[in-house]
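Participant: Could you have a look at this structure, given as C-alpha cells, before my questions?
Values in this text are rule-based calculations from the coordinates and carry no lab data. The shown structure was predicted, so the numbers you read here are calculated from the model rather than taken from an experiment. Using ideal geometry, Cβ is built from the backbone for each residue, glycine included, and neighbour counts are taken over all protein chains shown.
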Amino acid sequence: MKIFGLTGKSLSHSFSQHYFSEKFLRENFRGCSYRLFELDNPEHIPEFIHSNPEICGLNVTIPFKESVIPFLDNCDDEAKQIGAVNTISILRNQKKTVLTGHNTDAWGFENSAGILLKCEKALVLGTGGSAKAVGFVLKKYGVQTLFVSRTPSGIHEVSYDDLSPGMVADYPFIVNTTPLGMFPEVEKFPSIPYEGLSPKHILYDLIYNPPETVFLKKGKSAGAAVMNGLRMLGLQAERSWEIWNR
Ligand code: NAP
C-alpha cells in the first residue's frame, strides 16, 4: 500500500482527498490511497512520516506552509525563494529518511491565472503561505503587487483600513489568499471597500469550497469577472504527484 496525504490543522474544507481518490480510480493506481492527517503542530510532521513507513508523499496546507520549513531536511530552489512549502517528498533509505519541501501552489496559480498575469497591478489579500506563492508568480511576470495584511510591514504591504475605494479601483486584479469565506465559515469575507470594484476588475479567490464565496459574489454584483481556486487545486495536485513519482 502506498499512502499519500494532506496535513494541516483543520482539513474539513479540503477537496484533495476526493481529487486523488478519483484520480487513483480513473488511472487505475491500485494500492494507492490519499488520506487526511490533521496535526496540531508542524514540528510533529517529521516524526509522523518516520513512524509511518507506508507514507510516500504529503501535501501541506493551512497553517503549516511556512512553519514546516525548519523541520525539513531541505527545500528545492523554488520553495526556498518562495519561503513556503505545500508538498513534501520523502526519500527513504536504510540509514536515513530525507524530507524535501517543494511548492506547487506557484505552478498551480501561474497556469490557472494565464492571461491575467498580463495585468499591470494586483492586490493580494493576505500574506501567508499561498500569498507568497502568488506573489512569487506576480513578480516573475512583472506585475506591480500590493499585499493587504492585518499586520502590514514594509513598503509593499498595507492594512485593510488603509484601503480606499480609489485604491481598489486602481488595482484591476485582486487575489484573495486569506481563508475568509472558506467552508464551514462561508459567511465571512475580506474587509475591502467593494464599492471601488467595477466591470474592469477580475477577482480570483484561491478558495474553492464553496465554489462561489461572498468575496466572489460581491465582485459579480459589481460586474467584475470572477474565478475560484478549483483549477489551481487540480494543477498543484498534479504537480505534487509528478514530484512524488520522480
Ligand atoms: P496561511 O498560510 O495560514 O495564510 C493565510 C493568510 O490569510 C494569513 O497569513 C493572514 O495574513 C490571512 N488571514 C488569516 N486569517 C485571517 C482573518 N481572520 N482575517 C483576515 N486575514 C486573515 O494559509 P494558506 O495556506 O496561504 O491558505 C489560505 C487559503 O488559500 C485557504 O483558504 C486555502 O484553502 C487556500 N488555498 C487554495 C489553494 C488552491 O489550490 N486553490 C492553494 C493554496 C491555498 P495576514 O496575517 O497578513 O493578515
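Participant: With n ≥ 4 as the cut-off for DSSP H runs, can you work out [θ] at 222 nm for the chain, using -39500 (n - 2.57) per run divided by the number of residues, rounded to the nearest 500?
Facilitator: Using -39500 (n - 2.57) per qualifying helix, the result is -8500 deg cm²/dmol.
Participant: Span-like helices, the chain: DSSP H, alpha-carbon axial extent 27 Å or more, mean Kyte-Doolittle 1.6 or greater, which ones?
Facilitator: Both cut-offs are met by no helix.
Participant: Oh, and also: What distance in nm separates the simple spin-label points at GLN81 and SER21, each placed 7 Å from Cα in the Cβ direction?
Facilitator: With each label point 7 Å from Cα toward Cβ, the separation is 3.7 nm.
Participant: Same structure again: Taking one equal scatterer on every alpha-carbon of segment 49-119, how large is log10 of I(q)/I(0) by Debye at q = 0.17, 0.25 1/Å?
Facilitator: The Debye formula, applied to the Cα set alone, gives -0.66, -1.11.
Participant: Assuming a ≥ b ≥ c are the square roots of the Cα gyration tensor eigenvalues, decide whether segment 104-173 counts as rounded (a/c under 1.5), prolate (otherwise, with a/b larger than b/c) or oblate.
Facilitator: It comes out oblate by the Cα gyration axes.
Participant: Under 16 Å from the Cα of LYS217, which lysines turn up, not counting those fewer than eight places away in the same chain?
Facilitator: Here the lysines satisfying the reach criterion relative to LYS217 are LYS188, LYS200.
Participant: Binning at 5 Å from 0, report for the chain what percent of all alpha-carbon pair distances ends up in each bin.
Facilitator: P(r) for the chain, in whole percents per bin: 1, 6, 14, 18, 19, 16, 11, 7, 5, 2, 1, 0, 0.
Participant: Using the beta-carbon distance between LYS118 and LYS9 and R0 = 41 Å, what value does 1/(1 + (r/R0)^6) give for FRET efficiency, to the nearest 0.05?
Facilitator: 0.70
Participant: Additional query: Can you list the lysines whose alpha carbon sits under 21 Å from that of LYS2, skipping same-chain ones fewer than 8 residues off?
Facilitator: Cα-Cα hits under 21 Å: LYS23, LYS95, LYS96.
Participant: Taking θ as phi - 60°, what are the ³J(HN,Hα) couplings along segment 94-103 by the Karplus curve (6.51, -1.76, 1.60), each to the nearest whole Hz, with x for Gly and Pro?
Facilitator: 3J(HN,Hα) across segment 94-103, in whole Hz: 4, 8, 8, 10, 10, 9, 10, x, 9, 10.
Participant: Further question: Amide H neighbours of VAL148 under 5 Å, at least 5 residues apart or on other chains, H built in the peptide plane: list them.
Facilitator: Under 5 Å from the amide H of VAL148: VAL124, LEU125, GLY126, VAL158.
Participant: If each of SER67 and LYS188 carries a label point 7 Å out from its Cα toward its Cβ, how far apart are those two points in nm?
Facilitator: A separation of 1.5 nm, rounded to one decimal place.
Participant: Is the C-alpha gyration tensor of segment 116-238 telling us rounded, prolate or oblate? Criteria: a/c under 1.5 is rounded; beyond that, a/b larger than b/c is prolate, otherwise oblate.
Facilitator: Because its axes are fairly even, with a/c under 1.5, segment 116-238 counts as rounded.
Participant: So if R0 is 25 Å, what FRET efficiency would PHE48 and LYS95 give, r being the distance between their Cβ atoms, rounded to the nearest 0.05?
Facilitator: Working from the Cβ atoms, E equals 0.80.
Participant: How far is the Cα center of segment 1-25 from the Cα center of segment 59-121, in Å?
Facilitator: Each part reduced to its Cα centre gives a spacing of 17 Å.
Participant: Length gain on complete extension for the stretch LYS140 to GLU212, per 0.36 nm per residue less the alpha carbon to alpha carbon distance?
Facilitator: Result for the pair: 23.1 nm of gain on full extension.
Participant: Here is a further query. For PHE183, list long-range residues whose amide hydrogen, built 1.01 Å from N in the peptide plane, is under 5 Å from its own amide hydrogen.
Facilitator: ASN209
Participant: Another one. How far apart, in nm, are the 7 Å Cα→Cβ label points at ARG35 and GLU238?
Facilitator: So the label points at ARG35 and GLU238 sit 2.8 nm apart.
Participant: How much length, in nm to one decimal, is gained on full extension between LYS2 and SER153, taken as 0.36 nm per residue of separation minus their Cα-Cα distance?
Facilitator: 50.1 nm
Participant: Output wanted: per-residue J couplings in Hz (rounded whole) for segment 195-207, from phi through Karplus 6.51 cos²θ - 1.76 cosθ + 1.60, θ = phi - 60°, x for Gly and Pro.
Facilitator: 5, x, 7, 8, x, 7, 8, 10, 10, 10, 9, 5, 5
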